[in-house]
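Report on one structure; see the data block that follows.
Computed from the coordinates by the stated procedures, all read-outs in this text should not be read as laboratory data. Only a predicted model underlies this, so the values are computations on that prediction, with no experimental measurement involved. Positions of Cβ are generated from backbone atoms using ideal geometry, with glycine treated the same way; all protein chains shown enter the neighbour counts.
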Amino acid sequence: MRWWRQQRQRFATPSASSSTAPSILLEKCATPFPALIGNELSVTRPAVRIELCPEAYEVITSATADRLPVETGGLLLGYREDANVLVTHALVIDGEGASTHRYVRDDVRANALLAAFLTQRADDDPTGYVGEWHSHPVPSGPSQTDVAAMHATAQTSDGPIALLVYAPGGADPFFGLIVRRQRVGRVSSKKAAVVPPSS
Ligand SMILES: [Zn+2]
């Protein structure tokens with residue numbers, strides 16, 4: 001899997017909207033094997049979710065605060081559970097020439113940090129790349145540029161990937177999108193409920 005070398009992610013700021021759901025995911029964050037997790041939740045929960053474990057949440061919120069007023073972002077690591085994405089870890093990859101409305105992730109640094117992260121994991125640990133995150137210091141949801149970048153990435157990705165936008169100034173600070181390649185090269189994106197860790 002070398003797809004992440006293929007294009008630089010360019011993200012920019014734009015329009016709004018999102019949703020959230022209550023959380024009961026702490027035990028999942030400590031469990032590296034999705035096979036051990038039952039499917040009983042899927043009946044009562046919203047269509048698709050991006051669930052944030054405490055460590056990932058902490059990294060995203062503190063890196064965003066550190067870099068204000070400019071955007072920052074990075075990679076999401078975790079695993080997939082049906083159509084949902086569980087984010088166990090987040091990596092921060094500073095952008096080149098990031099501004100209040102722009103974040104372009106540094107590919108070389110992303111590859112190096114991802115490789116370093118993965119080498120620390122056990123061979124049977126399913127944790128891997130599941131998507132991208134970046135901040136919007138000016139509160140707004142994913143822009144057209146953001147969505148286009150994710151569609152390009154999804155074209156070369158095996159499974160669904162998540163985009164998480166963190167806009168701390170808004171009433172509803174997380175925006176989520178899950179993007180996946182369909183048959184014959186089409187890409188679909190679905191708005192996802194972002195579930196922060198319950199404290
Ligand atoms: Zn953006």
| said: I'm trying to understand the selection: among the residues of region 96-142, which are of a type in the set (Gly, Ala, Ser), closer than 13 Å to Thr72 by Cβ and touching a residue at least 40 places away in the same chain (Cβ under 8 Å)? | reply: Ala110, Ser135
| query | If you go through region 152-169, how many residues are more than 18 Å from Ala193 (Cα to Cα) and in contact with a strand residue (DSSP E or B) (Cβ under 7 Å, 6 or more places away or on another chain)? | reply | 5
